[in-house]
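K.L.:
One structure, as structure tokens, below. Some questions next.
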Amino acid sequence: MGKRILVATRKGFFDVRRGRGGWRIARTAFLGDILSQAMYDRRDGTLYVAQSLGHFGVKLQRSNDGGRTWAEIAAPAFPKTAKKHGPSVDYLFSLETGGADEPGVLWCGTVSGGLFRSADRGDSWALNTGLWNVPARKEWNGGGFNVDKPGIDTILVDPRDSKRIVVGISTGGVWQTADGGKSWRNSSRGLYAEYMPPAKREDPNAQDVHRIARCAAAPDVLWLQHHNGVFRSTDGGETWAEVTTIKPAKFGFAVAAHPTDPATAWFVPGVKDECRIPVGGKLVVARTRDAARSFKLLTKGLPQRHAYDLVLRHGLDVNASGTVLAMGSSTGHLWVSESGGDDWTLVGANLPPIASVRFA
Amino acid sequence: MARVAFTGNLKRHVDCPVAQAAGATVEAVLENVFAANPRLRSYVVDDQGRVRKHVNLYVNDKRAALRDAVGADDEIFVFQALSGG
């Protein structure tokens with residue numbers, strides 16, 4: 001575990017492996033294509049890559065042989081409607097497996113705001129109508145990606161009960177189901193939106209959830225990077241408390257939660273929403289090990305002069321032991337830390353803009 | 001039957017040789033092409049059957065829409081718009 005990283009970029013897929021000599025790019029695929037996600041399904045060993053081709057729409061690719069060969073499978077698509085402006089999937093924003101007890105189940109969050117489920121390893125997909133039909137969806141907004149439509153950027157299946165799922169929507173707040181997706185409710189209490197008029201500041205559907213991460217061993221502990229702050233929940237995402245100790249800034253996209261220690265998490269702050277670069281041109285990772293009472297800024301091995309890397313929502317991941325971290329930036333830098341973030345090694349300096357890194 | 005040709009950039013993603021298909025409109029001809037080559041559909045039209053924003057259709061030398069009429073001797077080109085970086 002922690003010896004292979006799947007990297008999805010704006011111009012292809014990179015399979016990065018740890019060998020005796022260190023980390024290296026072992027294989028590439030889909031060079032030139034816009035990718036948003038790459039995922040390993042540890043239940044059956046399948047690899048998935050999500051493409052969002054600029055001209056030709058969203059596609060999903062699957063590999064049954066560890067990435068040697070790929071085959072296109074079905075991609076999430078909205079049912080046809082009679083309406084002139086019926087929805088279409090613009091971008092595959094998040095991709096996750098179902099629980100350990102539901103082999104073959106996949107979830108995909110899209111820009112357009114649709115959540116899709118597959119029960120057959122992606123051979124077919126169905127729109128989750130429970131969430132799509134909530135009346136509050138009309139209040140969701142653009143800003144999730146570079147189109148003016150909401151995007152589902154996070155899908156967290158509860159390891160204790162696969163029917164309990166938390167999703168994060170940019171913008172639309174935090175939503176939860178306890179019945180496998182039949183019914184949903186917003187659980188954004190404690191979040192606030194500085195970009196809204198005062199009366200709408202705590203509107204649950206106006207909350208811009210950039211990313212949520214969950215402690216696997218203590219699933220009621222969740223960390224949330226919001227458009228204008230960092231929040232933590234200790235009750236399964238029912239309520240959220242702002243983390244005011246985050247430094248050097250409270251804006252950011254990515255968050256990683258330690259898999260076994262609910263007091264540890266990592267963030268990659270940027271100046272602020274209208275200036276999305278590292279503070280002072282210094283790229284830092286902010287780590288707490290005491291449940292957000294304090295943060296340590298981790299800089300060793302990261303550029304501290306004229307660095308303008310932005311780490312996007314899915315650009316930070318931690319392995320199953322909590323010791324190895326992978327971080328990819330919009331500037332095409334890929335770093336790995338094998339010391340929980342204490343020091344970082346540059347693995348690739350000239351990659352395309354990185355959308356997603358994930359341990360296999 | 002109309003002749004349908006596809007941009008070389010699409011061939012990189014999906015098999016799409018030149019096709020001959022019947023139909024009185026661009027849409028009808030393309031539907032017959034998609035019936036024989038189902039994977040091709042989602043590359044050309046979106047979830048609602050609209051031509052993708054960055055795909056351009058031509059009938060002979062004129063930009064065309066799905067509803068436009070075609071004759072048996074016409075040639076439909078499925079090209080891509082220039083965009084991105």
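The values are calculated or read from the model by the stated rules, or taken from the named source; none is laboratory data. Source: prediction; values computed, not measured. All Cβ positions, glycine included, derive from the backbone under ideal geometry; neighbour counts span all protein chains shown.
K.L.:
Hey, could you check segment A:92-112 for residues that are modelled with pLDDT of 95 or more and within 14 Å of another protein chain (Cβ to nearest Cβ) and say which is nearest to A:D44 (Cα to Cα)?
P.N.:
Per the stated criteria, the residue is A:C108.
K.L.:
Condition test on B:A35, is it part of a strand (DSSP E or B) and away from chain A (no Cβ under 14 Å)?
P.N.:
Criteria not met by B:A35.
K.L.:
Additional query: More than 30 Å from A:S162 (Cα to Cα), of a type outside the set (D, E), without any contact (Cβ under 8 Å) to a residue 24 or more places away in the chain and within 14 Å of another protein chain (Cβ to nearest Cβ) - does that describe any residue in segment A:13-36?
P.N.:
There is at least one residue in segment A:13-36 that is more than 30 Å from A:S162 (Cα to Cα), of a type outside the set (D, E), without any contact (Cβ under 8 Å) to a residue 24 or more places away in the chain and within 14 Å of another protein chain (Cβ to nearest Cβ).
K.L.:
Another question about this same structure. Restricting the search to segment A:73-91, which residues are hydrophobic (A, V, I, L, M, F, W, C), without any contact (Cβ under 8 Å) to a residue 40 or more places away in the chain and either surrounded by fewer than 18 Cβ atoms within 10 Å (Cβ to Cβ) or more than 8 Å from chain B (Cβ to nearest Cβ) (or both)?
P.N.:
A:A82
K.L.:
Still on this model: Residue by residue through segment A:113-130, note down the ones that are within 19 Å of the chain's Cα centre (by Cα) and over 26 Å from A:G45 (Cβ atoms).
P.N.:
Listed by number, the residues that qualify are A:G113, A:G114.
K.L.:
Could you say whether any residue in segment B:47-61 is at the interface with another protein chain (Cβ under 9 Å from one of its Cβ atoms), more than 14 Å from A:L53 (Cβ to Cβ) and either outside any loop (DSSP other than H, G, I, E, B) or of a type in the set (K, R) (or both)?
P.N.:
Checked segment B:47-61: at least one residue is at the interface with another protein chain (Cβ under 9 Å from one of its Cβ atoms), more than 14 Å from A:L53 (Cβ to Cβ) and either outside any loop (DSSP other than H, G, I, E, B) or of a type in the set (K, R) (or both).
K.L.:
Can I ask one more? Report those strands (runs of 3 or more DSSP E) wholly inside segment A:319-360 carrying at least 1 residues which are within 20 Å of A:A216 (Cβ to Cβ).
P.N.:
Output list reads A:325-328, A:334-337, A:354-359.
K.L.:
Moving on. With the requirement that a residue be under 15 Å from A:V167 (Cα atoms) and either in a loop (DSSP other than H, G, I, E, B) or modelled with pLDDT under 95 (or both), what does segment A:216-234 give you?
P.N.:
Within segment A:216-234, A:P219, A:D220, A:V221 meet the criteria.
K.L.:
Would you point out the residue of segment A:38-72, among those that are aliphatic (A, V, I, L, M) and crowded, with 19+ Cβ neighbours inside 10 Å, that is farthest from the chain's Cα centre (by Cα)?
P.N.:
Out of the qualifying residues, it is A:L53.
K.L.:
Of the conditions (1) within 26 Å of A:V318 (Cα to Cα); (2) in contact with a Phe, Trp or Tyr (Cβ under 9 Å, 6 or more places away or on another chain); (3) of a type in the set (D, E), A:D161 satisfies every one except a single condition; which number is it?
P.N.:
(2) is the only condition that A:D161 fails.
K.L.:
While we're looking at this one, here's another question. Quick one: which of A:G142, A:G173 is small (G, A, S) and on the phi > 0 side of the Ramachandran plot?
P.N.:
Going through A:G142, A:G173 in turn, just one is small (G, A, S) and on the phi > 0 side of the Ramachandran plot: A:G173.
K.L.:
Tell me, which residue of segment A:37-59 that is under 21 Å from A:R4 (Cα atoms) and hydrophobic (A, V, I, L, M, F, W, C) is farthest from the other protein chains (Cβ to nearest Cβ)?
P.N.:
If we take residues in segment A:37-59 being under 21 Å from A:R4 (Cα atoms) and hydrophobic (A, V, I, L, M, F, W, C), then A:M39 is farthest from the other protein chains (Cβ to nearest Cβ).
K.L.:
Something else about it: Within segment B:3-20, does at least one residue satisfy the condition of being out of contact with any strand residue (DSSP E or B) (no Cβ under 6 Å at 6 or more places or on another chain), at pLDDT 95 or above, assigned to a loop (DSSP other than H, G, I, E, B) and more than 21 Å from A:E72 (Cβ to Cβ)?
P.N.:
No - not one qualifying residue is present in segment B:3-20.
K.L.:
Taking only segment A:156-191 into account, find how many residues are within 15 Å of the chain's Cα centre (by Cα), part of a strand (DSSP E or B) and hydroxyl-bearing (S, T, Y).
P.N.:
The qualifying residues number 1.
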